[in-house]
Every structure is written in structure tokens, then in C-alpha cells.
Amino acid sequence: MIDLHGYGSQLLLGAQVTVELAMSSLLVGLILGLLGASAKLSRFRLLQWLANGYTTLIRGIPELLTVLIIYFGATTVLMGIAGWFGYEEYIEIGPFAAGVTALGLTFGAYATEVFRGALQSIPKGQHEAAIALGMGSMRKFYRIILPQVWRIALPGIGNLFLVLLKDTALVSVVGLDDIMRKANIAVNNTKEPFLFYLAAAFMYLALTVVSMVVVSYFEKRANRGLHRG
């Protein structure tokens, strides 16, 4: 049994925060990815320009800088806006909210391209068939397009999630009590960096393995019956 000097429970709490951050960022990123892909394929030039600008900007900035800019910049922006309405109290953006925003934006930028490719792979005949059946745009999207997009995009989205899971460690620099920050606290107090960084590495590895199993399950479920007959 490895002696973690009583910090084992703290590392588990950090793992819980890491999972919460990753899942919240995933939700934000999926929404942004679908919106971004739809905008890129839109017939409206303004939407195309906004989506291209979003993906170019976010993918061109290191994730750590995005976290720092969101964490420190959002407070400045919100205080400036609040000042217009006479509110002068200090407004602080918490590390969790900043992390979800930064990682969600980053995930969404990459997911945009995954979803765009998936949307473009749907045969035009299926759009025409849905219209012929009298389906409206929203019903066609949810009943016909989205299930196929999900199936096609799932492998790419799964890989992006594995990257996102490891990127959560970046948010520790702004004070989020995730695995990395808990490990750093333990190292500072015990002076045993190898032990706790190795423990953190195994925790990330365990989360990655579990994520791979879950993604594999969803892939099999999405493709169930596809090749029958």
C-alpha cells in the first residue's frame, strides 16, 4: 500500500472536480461546436465569417493563455459593464467558471470542424426526402440529421474529450482544486514530488481509460444495426 500521508482523500476530491470540469466543458463545447459548424455551412456570409473567426482565434491561442485571459479578463470586462449601471463592487469570476468557459471555447472550436465534416457527409437526398415527407427544419434536424451526425462525429469527439480531460490540469494555475492543484499542495507540504505527481498521473490515466470505455460503448450503440442485413 502506497503511503500518501493522508492526502489520498484530497486527491479523490480533486478527481471529482476534474470530472465535473471536464463534463461541464464538454457540454458547452458540444453546443458551440454544433452552432459553429452550422454557421460555417450557412448561406449567410456574416455567420460564416463569425464562425471562421472564432475557430481561427481560439485554435491559434494556447489553452493556458485562454484560461488566463478568461480568468483575469472576464472580471475586468464585467466590472466595466457593471460600472455603466453604477455598480462599483468587485466582481470575481471563479476558477471553475473560467475553466469551463475557456475549455468549452477551445473544445467547441475543434468540435466545429468535426461536426462540419459530419454534416457535409450527409447525402443531400436525405434532406430532400425529409422535406418531401413534410418535415420542418427543426424536426428534420433532430429526427434525420442529428443521429447520423452524432454517429459520424463520435470518434473525433471522443478523441477531443480525451485531450480536454488532460487540459483540465491547466485550470489549476488559477486556483481550481483539481487533481493537479491537490497534488501540488501535497508536494509542497511533504516534499515528495515524485510520489504525488506519479499518483496524479495514474489518476488521469484511470480517468482516460474509463472515458475510452464509455466512448467505445457509445460508438457501438450508435452503430448498432448499421451493418445488419
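What is the distance in Å between the Cα centroid of the range 85-111 and that of the range 127-191?
17
For a Förster distance of 22 Å, can you work out the FRET efficiency between the beta-carbons of S38 and L162, rounded to the nearest 0.05? Don't skip to the answer; put the middle values down first.
Values: r = 25 Å, r/R0 = 1.13.
Efficiency at R0 = 22 Å is approximately 0.30.
Could you work out which residue, out of A129, A169, A118, moves most in a Gaussian network model of the chain, that is, has the largest mean-square fluctuation with Cα springs under 10 Å?
A129
What FRET efficiency do you get for W150 and V77 if R0 is 41 Å and r is their Cβ-Cβ distance, rounded to the nearest 0.05?
The value I calculate is 0.75.
Only helices at least 20 Å long along their own axis, judged from Cα atoms, and with Kyte-Doolittle mean hydropathy of 0.0 or greater: name those in the chain from DSSP H.
For the chain, where a helix must reach 20 Å along its axis and average at least 0.0, the hits are 8-40, 45-59, 63-84, 95-120, 146-167, 193-222.
Take each of the peptides 156-167, 80-91, average the number of other beta-carbon atoms within 10 Å over its residues, and list them starting from the highest.
156-167, 80-91
Report the extension gain between K191 and L64 in nm, rounded to one decimal, defined as 0.36 nm multiplied by the number of residues separating them, less their alpha carbon distance.
Length gained, K191 through L64: 43.1 nm.
Relative contact order for the chain: what is it in percent, counting Cα pairs under 8 Å that are at least 6 residues apart?
On the way: 233 pairs, mean separation 68.1, N = 229.
Computed over the chain, the figure is 30 percent.
What order do you get for 67-79, 132-144, 13-25 when each peptide is scored by the mean count of other beta carbon atoms within 10 Å, highest first?
Working: 67-79: 16.0, 132-144: 12.1, 13-25: 19.7.
The densest-packed peptide leads the list: 13-25, 67-79, 132-144.
In Å², what does the accessible area per residue of the chain work out to with a 1.4 Å probe?
Values: 13590 Å² over 229 residues.
Ligands and nucleic acids excluded, the figure is 59 Å² per residue.
Given springs between every Cα pair under 10 Å in a Gaussian network model of the chain, which of R116, R43, R181 has the largest fluctuation?
Of R116, R43, R181, the Gaussian network model singles out R43 as fluctuating most.
Within straight cross-link reach of K220, meaning Cα distance under 27 Å, which lysines are found once same-chain residues fewer than 8 apart are removed?
Filter leaves K124, K140, K166.
Any chance you could get the radius of gyration and Dmax over the Cα atoms of the range 1-134, in Å?
Final numbers for Rg and Dmax: 20.3, 67 Å.
Roughly speaking, what is the stretch gain from L47 to L205, that is 0.36 nm per residue apart minus the C-alpha to C-alpha distance, in nm to one decimal?
Taking L47 through L205 to full extension adds about 53.0 nm, to one decimal.
Give the lysines reachable from K191 as a straight Cα distance under 16 Å; neighbours fewer than 8 places away on the same chain don't count.
K182
The values are calculated or read from the model by the stated rules, or taken from the named source; none is laboratory data. Just so you know, these numbers come straight off a predicted model, no measurement behind them. Note that each Cβ is placed from the backbone with ideal geometry, even for glycine, and that neighbours are counted across all protein chains shown. Note: accessible area is taken over every heavy atom of the protein model, side chains too, but ligands, DNA and RNA are not part of it. Shrake-Rupley method; radii C 1.70, N 1.55, O 1.52, S 1.80 Å.
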